[in-house]
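Let me begin by presenting the structure, written as C-alpha cells, before commenting on it.
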Amino acid sequence: MNPRVSIVRCSDYSGVKAAIKEALALIGGLESVISPGNRVLLKPNVLAIRAPEDAVTTHPTVVAAMCELVMEAGGIPVIGDGSGIAKPGSTTTSEAFRASGTEGVASAFGVELINFETSGYTEVAVPDAGQFPRLYIAKAVLEADVVISLPKLKTHELTLYTGAVKNLFGTIPQKNRKQAHALEDRALFGNAVLDIYSIVKPHLAVMDGVLGMEGNGPANGIPVFAGVVMASYDCVALDIVASELIGIDPLKVPTNKVALSRGFGTEHPEVVGTPLEEVKVRFKRSEGGITAYLPSFLIGILRKQLTVKPFINTSSCAFCKACVMNCSANAIEEVGRSLKINQQKCIQCYCCRELCPNDAVEIKKSLLMKIVTRSGT
C-alpha cells in the first residue's frame, strides 16, 4: 500500500493540537497504532541546550499535544531523547530538556521523561546492515510498545535535510554517533542512519514544521516560518515529501536515497490534506552540504578547490571543549589556551559546528565554493 503523508496548515503553535489531530485523522488516526495500555515513547528532537524560539528543537507545544492525544487514545506516553552535545561537568540532555521546554511538558502531564544517556543502552545485531552490524540502542526505545518520531523541519550540513529518520540518531550513544560521523562519505553516513532505523522503525512520525530552520542546520541555521504540520506512518515517506516541500531534491538526501535502495518507503508517497504545491517554501541550503548538488565527476576534479572548512573563532570560544569531545577524527588540538582544527585530520563532518554551545565554530569557503554558492547551484 502506498504510504500516506498528510500536510495541514498551522499558522502558529497555539493551534498545533488541532492541526496534529487533523493530520492524524487524514492518515487513519492514532488508534491505528495505539492500543489501550500501550507504553508510547515520544522521541522529539532535543539536539542541544536551546530555547524553542531558536527552532533547533521540537517545539514543546507539539510534544504536549502528542501527550494529550496519546492519552486520549488510551496509551501511556513517555518522552525520551539523548542530546548531541557532550561537555565537561554537564548533564547535557537534562539541561536540553529544560531549555527546550520538554521538561516542563513532562511535568505538566505527569509523564516520565527519559534521558537516554543515563537510562542505558542495549547492544543489538543489525540484520543486513549497511554499515554497523551491531549497534547500541536506548533501552527505553526497545522496551516501548509504540515509538513515535517527532522531528523538527530543518536543513542539515551533512545530510542536507533532517527529519523523521535522522531524528533516530538520538537513540544511540555518543560513541556510535562519532563512528557514524567519521565515515565522512554521505552515502555511508546514510547507511549508518538507516541501520538505526531498521532496528527502531517508529510506528508514526509527526513533524513540527510550523517554525523550521534553514541554512546551516541542524543547530546554526536561521528560524523560518513554514506553517505546516505533517504526519505519516512511514518515516521515509514523510521525509521525501518534507524535503521536497522545502525545495530539496528528495533523492539528494542520503537518508532518503539509501532508505529506498534498502526497501524502505516509496519514492512517490500519496499526499493528503493541503496540496504540496500550496505550501512549498524554499529553504536556504546549508553551506556545508552544497557539494551534494554538484555532479560527482566535477567534485572529483575540483575537490581540492571546493572546500568548506570549519575553524574556531577564538574570540567566541569558551574553551568548554565540547568540540574536542565530539570530534570523530580527533582533529581539534589545544594550542595554549585556545583550540585549533587540524585541517589535515578534519573530515568536515561539521560535528564541531553543530554542537558548539557558543557558535564559536565558523566556516571558511574557498574562492570556487564562494562562486558556486553565490550562483545558487
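The values are calculated or read from the model by the stated rules, or taken from the named source; none is laboratory data. All figures in this text were calculated on a predicted structure; none of them were measured in a lab. Quick reminder, even Gly has a Cβ in these numbers, built from the backbone with ideal geometry, and neighbours come from all protein chains shown. Please note that ligands, DNA and RNA were not included when accessible areas were found on the heavy atoms of the full protein model with its side chains. Shrake-Rupley method; radii C 1.70, N 1.55, O 1.52, S 1.80 Å.
Quick look at the values:
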| quantity | calculated |
| --- | --- |
| Top-ranked residue in segment 170-190 [being over 16 Å from the mean Cα position of the chain (by Cα) and without any contact (Cβ under 8 Å) to a residue 60 or more places away in the chain; ranked as most open to solvent (accessible area, probe 1.4 Å)] | Lys175 |
| Single match in Ala23, Ala106, Ala18, Ala99 (criterion: crowded, with 24+ Cβ neighbours inside 10 Å and in a helix (DSSP H, G or I)) | Ala23 |
| Tally of residues being at pLDDT 80 or above and either polar (S, T, N, Q) or touching a Cys at 6+ places or on another chain (Cβ under 8 Å) (or both) across segment 330-352 | 10 |
| Residue identified as small (Gly, Ala, Ser), in a loop (DSSP other than H, G, I, E, B), on the phi > 0 side of the Ramachandran plot and at pLDDT 95 or above among Gly74, Gly89 | Gly74 |
| Any hit, segment 227-240, residues being acidic (Asp, Glu) and surrounded by 24 or more Cβ atoms within 10 Å (Cβ to Cβ) | yes |
| Hey, Ala219 touching a residue at least 40 places away in the same chain (Cβ under 8 Å), assigned to a helix (DSSP H, G or I) and not charged (D, E, K, R) or not | no |
| Hey, Asn176 at pLDDT below 95, in contact with a strand residue (DSSP E or B) (Cβ under 7 Å, 6 or more places away or on another chain) and outside any loop (DSSP other than H, G, I, E, B) or not | yes |
| Yes/no for Gly263 being open to solvent by less than 40 Å² (accessible area, probe 1.4 Å), within 22 Å of Ala187 (Cα to Cα), in a loop (DSSP other than H, G, I, E, B) and small (Gly, Ala, Ser) | no |
| Conditions (1) open to solvent by 10 Å² or more (accessible area, probe 1.4 Å); (2) assigned to a helix (DSSP H, G or I): number failed by Tyr136 | (2) |
| Residue selected from segment 300-329 under the condition touching a helix residue (DSSP H, G or I) at 6+ places or on another chain (Cβ under 9 Å), at pLDDT below 95 and farther than 19 Å from Lys365 by Cα, by the criterion most open to solvent (accessible area, probe 1.4 Å) | Met325 |
| Every residue from segment 44-77 that is crowded, with 20+ Cβ neighbours inside 10 Å, β-branched (Val, Ile, Thr) and over 17 Å from the mean Cα position of the chain (by Cα) | Thr61, Val70 |
